[in-house]
Amino acid sequence: MPIFLGITGNTKKAGLWKPVFELLAALRTIHTKFVVHPDLAQGLRERDFSLDDNEIAPTISDFWDMSELIISFGGDGTLLNTASELGPRSIPILGVNHGRLGFLAQIEGSELQDRVAQIRNRDFLVEERIVLEATLGSGEQLDARFALNEFAFQRSGDSGLLAFDVKVGGIHLNTYWADGLLISTPTGSTAYSLALGGPIMAPGCNSILISPIAPHTLTVRPIVISDASEIEIQLLNRNQSHVFTTDGFNHPNALANGSVFIKKAKHRVNLVRFEDQDYFSTLRNKLMWGAHRSKVND
């Protein structure tokens, strides 16, 4: 039975509309049902693309409920936003890259037409990615508490170094003096963490990565711990202005009144990939590993 697709994307990207037009036309041609995210539907109508009422989700909640697979147009940031909105639902997401590097978005916009039949016939694989969950020390959950990539604690404005007391499984790990601290999943190891000199972790690693941002002591390095661990982070100089970031969403001064506890969430994010794709090929292509070798062979 053909799959029922949900179509969403970053409406701020100018290059979004043409591939969306083409996809929707192709889906109609092969009689594949789809529903469009309300925000995307508004942009399509503003560009004179006609949509039937049954092709537009009445509400965002309806959009998730109606979709069996989500096609997310944009870059990695768009996919992270889609995963955040999706929450604990297990609907798989296919990212279509219209950004820059695009580690999470599995295909480029130019590939999509060639993949339509595979998507329609459910000829794809689903890759589970772990998610991190953060709660305040009081037990009150944060409004945006899940992260597919990372949680980041960073100084704000002209404030000095931040001092973090970090425990893993109730045992003191270290007191970090730094510009900030990053707690990453294996998925996030190719994001901000990579720029900090952290290791690349393949998606199947059962690990969490703790990375200081510009630490005061050069011997303080990133550390990989088990994803069965709970991390407690307390800001010792609480008067210092800071920002707590969840996959790019800011929460000012979240550590001002207590600790933040971080652990692996109960749910996972499901990402779509195809049989002819693999993680290591993506790394080689995106990071241009072996590019000098190709030039020598030429």
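Here, each number is a calculation from the coordinates, and none is a lab measurement. Worth saying up front: this structure is predicted, and the values here are computed from it rather than measured.
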Using alpha-carbon coordinates alone, the radius of gyration and Dmax of segment 132-266 in Å work out to 13.4, 39
Once the in-chain neighbours fewer than 8 apart are removed, the lysines whose Cα is under 24 Å from LYS266 read LYS167
Scalar couplings 3J(HN,Hα) for segment 63-74 by Karplus 6.51 cos²θ - 1.76 cosθ + 1.60 (θ = phi - 60°), nearest whole Hz, x for Gly and Pro, are 4, 5, 5, 8, 8, 9, 8, 9, 9, 10, 8, x
Using alpha carbon centers only, segment 231-253 is separated from segment 192-228 by a whole-angstrom value of 18 Å
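Given segment 72-183, report the % of alpha carbon pairs whose separation exceeds 16 Å.
Details: 4431 of 6216 pairs.
Value for segment 72-183: 71 percent of Cα pairs lie more than 16 Å apart.
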With x for Gly and Pro, the residue-by-residue ³J(HN,Hα) of segment 180-192, computed from phi through the Karplus equation 6.51 cos²θ - 1.76 cosθ + 1.60 at θ = phi - 60° and given in whole Hz, is x, 9, 10, 10, 10, 8, x, 4, x, 5, 9, 9, 4
Checking LEU255, LEU161, LEU218 against a Gaussian network model of the chain (alpha-carbon springs below 10 Å), the top fluctuating residue turns out to be LEU218
Rh_Kirkwood(segment 1-108) over Cα pairs, Å, one decimal, evaluates to 13.8 Å
Asserting the computed 222 nm helical MRE of the chain (DSSP H runs at least 4 long, -39500 (n - 2.57) per run, divided by residue count, to nearest 500) equals -6500 deg cm²/dmol
